[in-house]
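Here the structure comes first, spelled out in structure tokens, and everything after it is commentary.
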Amino acid sequence: MVKIAAVKVGGQYNHLIARTIMDLGEESELVPLSITLQELEAQGFDGVVMGGGPQRVADEQDKLGNLADIIRNAKMPVLALCVAHQLIAPAFGGKAGPAAQPEFGAIEVFVDDEDDLLKGMGPSFKTVQSHNDEILVLPKGFSVLAHSEKCRYQVIRHANRPLFGAQFHAETMQGEKDEVIFQNFVRICKESGK
Amino acid sequence: MFDAAKFIEASLPKLRAQAGEHDALIALSGGVDSSVAAALMNKAIGKHLKALLLDTGFMREGEPGQVKAMMKAAGITVEVRDVSGEFFAALKGLSDAEEKRKAFRETFYNIFGRETKNFKCEYLVQGTIAPDWIETEGGIKSQHNILEQIGIDTKTKFGFRLIEPLAQLYKDQVRLLGKELGLPDEVYSRQPFPGPGLMVRCIGEVREDTVAELRKSVAIVEKHVTNADAQQYFAAIFESKGKDAMNIAEQASHLFNDRCSAYLHEAKATGVKGDLRFYGQLVGLKLGKRHPISELSKKQLDIVIKNEVVCRVLVKILSQHTSRGQKLPYSVAIRAIRTRDFMTATVSEIEWARLEAMAKEILAACPHVWRVYYDVTPKPPATVEFE
């Protein structure tokens, strides 16, 4: 069994992240936004999922706790969702801000590369979106795993670390394949701990 | 998967320790959450649990009596108090959704402060579940039952302490718990009904005449729609006041490849966009053809994105024939959604024939209603209830 932290960034579905991981038979705990990378390591977490939140990524990065530090420096697997996914861009020299076309509700996402995180999710899947902002410029060293009609960077990953970002909210479990991304992330956490 | 038996086993000693030797009063509405909380608490502290249902004036037709009978069958005796006069007085003149919810909360807990004293109870037990505090803490809508989580000291303010045995659960888990506790199917499978009841379905200022027409409309929807179609289904009522919106009509005509007119109601409803509260207007579309609900529900997003004032897209089912096209004062929207846990929801694909049958009955029963719509907006960007 692995123990995965769900950071309470302030979004509507943060608590569902912990529920989803527990429903998969693993251990999960909702941790506060103020948590540091050192605390996550000291508390024995095998991975961390950072939930969405109401913060606007362009000018409210000061309201995102230590997420940028975790994104930059964590060795444990990281799955950054929604605003945390957007934060990956500025954290590595890219850019994020208001989306030309925001997305809300169930939207089709097209898989470009299944890689580890999206194994079994191609060629496309429907999942819940709820975002006003998005990644505008992808930083160097990241690849795109999925896109939607209105949003280019739906899923991204770091070239050589288990750091993933996803714009959508599979933790709402509305889409048929939503559970798969969490099964994959749990597997990634298990493999990373070996 | 959620293990209800394990949850009960872990909860009982905690609840007993929390209540100690004190008596506790459950605020029972007859909804799934408070009924299951009552059954769990009953198992924990037995005769130390008392149950009270407040008839706020916003319950459905015949509901207080039905709940009393239903709970009796489940082994719990409930007292009923008619306090509707206090609620109507407290809500007079309020039309903003949040102000209404806060006035409801104050009235509700002032009464329970009084009643916990009457019943000599130290604790108030309530069926708060996870979406209640998540939506309230997130500023989406102030669920009336959220107190401690937003810093209200209930002991000082109202005179009781709180027990919320289901606060970490979602509706689907609460249902499993109800089943495990041996409650009758009709209790744990009921469709949810919000604590403030018909108040949140009566958009804007609450008046006794609108509540009366709303109550009839809700009963009609509940007669035609079943748990097989939707996890929640109801009607909402609002003023017909508004104006034609040419730009939206043009956009919708293009989107649906159909002749479309659009009417922007002044009435506002609550939504959630990117984890932020959104309080925006209702737009009513009149389309030439009966489009599939799935198509309407998908394409409404373009209207919500491009028109910042719009919170929800409603599609006209039928309207009342009046001389010279005069508008009657109120309109009704039917809503039916599918969901697991109410944090997100899709629109139920009810057939047009059934929508028309419901609209026809509503128009016949409610002489002040101009149009009957179907709400085709999922959550997000809408919420399930209107306010």
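Scan the stretch B:99-112 and tell me whether some residue there is away from every other protein chain (no Cβ under 14 Å) and touching a Lys or Arg at 6+ places or on another chain (Cβ under 6 Å). So that I can check it myself, show each step before the final result.
The first filter runs over the stretch B:99-112 and keeps only residues away from every other protein chain (no Cβ under 14 Å), leaving B:99-112.
So of that shortlist, the ones also touching a Lys or Arg at 6+ places or on another chain (Cβ under 6 Å) come out as none.
No, that holds for no residue.
The residues on offer are B:Lys43, B:Lys47, B:Lys6, B:Lys14, and the sole one that is touching a Pro at 6+ places or on another chain (Cβ under 9 Å), over 24 Å from B:Ala219 (Cα atoms) and assigned to a helix (DSSP H, G or I) is B:Lys14. Residue under question is B:Glu356, and the condition is that it be acidic (Asp, Glu) and more than 14 Å from chain A (Cβ to nearest Cβ); does it hold? So B:Glu356 passes the test. Given (1) under 21 Å from B:Leu54 (Cβ atoms); (2) part of a loop (DSSP other than H, G, I, E, B), identify the lone condition not met by B:Gly204. The number of the failed condition is (1).
Screening A:Ser130 against (1) within 28 Å of B:Asp172 (Cα to Cα); (2) assigned to a loop (DSSP other than H, G, I, E, B) leaves a single unmet condition, (2).
Matching residues to (1) touching a Gly at 6+ places or on another chain (Cβ under 7 Å); (2) closer than 26 Å to A:Gly93 by Cα; (3) modelled with pLDDT of 95 or more:
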{"position": "A:Leu16", "(1), (2), (3)": "no, no, yes"}
{"position": "A:Ile21", "(1), (2), (3)": "no, no, yes"}
{"position": "A:Leu33", "(1), (2), (3)": "yes, yes, yes"}
{"position": "A:Gly47", "(1), (2), (3)": "no, yes, yes"}
{"position": "A:Met50", "(1), (2), (3)": "no, yes, yes"}
{"position": "A:Pro54", "(1), (2), (3)": "yes, yes, yes"}
{"position": "A:Asp59", "(1), (2), (3)": "no, yes, yes"}
{"position": "A:Leu64", "(1), (2), (3)": "no, yes, yes"}
{"position": "A:Asp69", "(1), (2), (3)": "no, yes, yes"}
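Across the stretch B:270-305, which residue is surrounded by the fewest Cβ atoms within 10 Å (Cβ to Cβ) among those that are in a helix (DSSP H, G or I) and away from chain A (no Cβ under 13 Å)?
Within the stretch B:270-305, the subset in a helix (DSSP H, G or I) is B:293-305.
From what is left, the residues that are away from chain A (no Cβ under 13 Å) are B:293, B:295.
Values: B:Ile293: 20, B:Glu295: 12.
Checked the stretch B:270-305; the qualifying residue surrounded by the fewest Cβ atoms within 10 Å (Cβ to Cβ) is B:Glu295.
Looking at the stretch A:113-127, can you tell me whether even one residue there is of a type in the set (D, E, K, R) and within 14 Å of chain B (Cβ to nearest Cβ)? Yes. Checking every residue in the stretch B:173-182 against the condition of being closer than 23 Å to B:Ser142 by Cβ, buried (at least 18 other Cβ atoms within 10 Å of the Cβ) and touching a residue at least 60 places away in the same chain (Cβ under 8 Å) gives at least one match.
Within the stretch B:306-319, how many residues turn out to be crowded, with 18+ Cβ neighbours inside 10 Å and modelled with pLDDT under 95? Qualifying residue count for the region: 0. The residues of the stretch A:88-105 that are within 14 Å of another protein chain (Cβ to nearest Cβ) and out of contact with any Pro (no Cβ under 7 Å at 6 or more places or on another chain), listed by number, are A:Gly97, A:Pro98, A:Ala99, A:Ala100, A:Gln101, A:Pro102, A:Glu103. Within the stretch A:157-168, identify whether any single residue is crowded, with 22+ Cβ neighbours inside 10 Å, closer than 24 Å to A:Ala6 by Cα and within 14 Å of another protein chain (Cβ to nearest Cβ), and answer yes or no. Yes - at least one qualifying residue is present in the stretch A:157-168. For the structure I just gave you, tell me whether A:Glu171 is of a type in the set (D, E, K, R) and within 15 Å of A:Gly47 (Cα to Cα). Against the criterion (of a type in the set (D, E, K, R) and within 15 Å of A:Gly47 (Cα to Cα)), A:Glu171 does not qualify.
Output yes when any residue across the stretch A:29-36 is away from chain B (no Cβ under 14 Å) and either closer than 21 Å to B:Met1 by Cα or in contact with a strand residue (DSSP E or B) (Cβ under 9 Å, 6 or more places away or on another chain) (or both), and no when none is.
Here is the first cut: in the stretch A:29-36, the ones away from chain B (no Cβ under 14 Å) are A:31, A:34-36.
With the extra rule that they be either closer than 21 Å to B:Met1 by Cα or in contact with a strand residue (DSSP E or B) (Cβ under 9 Å, 6 or more places away or on another chain) (or both), the set shrinks to A:31, A:35.
Within the stretch A:29-36, one or more residues are away from chain B (no Cβ under 14 Å) and either closer than 21 Å to B:Met1 by Cα or in contact with a strand residue (DSSP E or B) (Cβ under 9 Å, 6 or more places away or on another chain) (or both).
Quick one: in the stretch B:306-323, of everything that is within 13 Å of chain A (Cβ to nearest Cβ) and charged (D, E, K, R), which residue is farthest from the chain's Cα centre (by Cα)? Once the filter is applied, the top-ranked residue is B:Lys306. Going residue by residue through the stretch B:77-97, is there one that turns out to be at pLDDT below 95, assigned to a helix (DSSP H, G or I) and out of contact with any Asp or Glu (no Cβ under 7 Å at 6 or more places or on another chain)? Looking for residues that are at pLDDT below 95, assigned to a helix (DSSP H, G or I) and out of contact with any Asp or Glu (no Cβ under 7 Å at 6 or more places or on another chain), one finds none in the stretch B:77-97, hence no.
Take the residues in the stretch A:171-183 that are in contact (Cβ under 8 Å) with a residue 60 or more places away in the chain, within 11 Å of another protein chain (Cβ to nearest Cβ) and not in a loop (DSSP other than H, G, I, E, B); name whichever of them is farthest from B:Pro381 (Cα to Cα). Give the steps one after another, and end with the answer.
Of all residues in the stretch A:171-183, those in contact (Cβ under 8 Å) with a residue 60 or more places away in the chain come to A:171-175, A:179-183.
Of the ones still in play, those that are also within 11 Å of another protein chain (Cβ to nearest Cβ) are A:171-175.
Add one more test, that the residue is not in a loop (DSSP other than H, G, I, E, B), and what stays is A:171-172.
Numbers: A:Glu171: 17, A:Thr172: 14 Å.
Among residues in the stretch A:171-183 that are in contact (Cβ under 8 Å) with a residue 60 or more places away in the chain, within 11 Å of another protein chain (Cβ to nearest Cβ) and not in a loop (DSSP other than H, G, I, E, B), the one farthest from B:Pro381 (Cα to Cα) is A:Glu171.
Set side by side, the residues A:Gln174, A:Gln167 differ, and just one is of a type outside the set (A, V, I, L, M, F, W, C), in contact with an Asp or Glu (Cβ under 7 Å, 6 or more places away or on another chain) and within 20 Å of A:Gly53 (Cβ to Cβ), which is A:Gln167. For the stretch B:324-352, a tally of residues being away from chain A (no Cβ under 13 Å) and in contact with a strand residue (DSSP E or B) (Cβ under 6 Å, 6 or more places away or on another chain) returns 11.
The values are calculated or read from the model by the stated rules, or taken from the named source; none is laboratory data. Being a predicted model, the structure only gives us computed values, none of them experimental. When we count neighbours, we look across all protein chains shown, and the Cβ atoms used for this are built from the backbone with ideal geometry, even at glycine.
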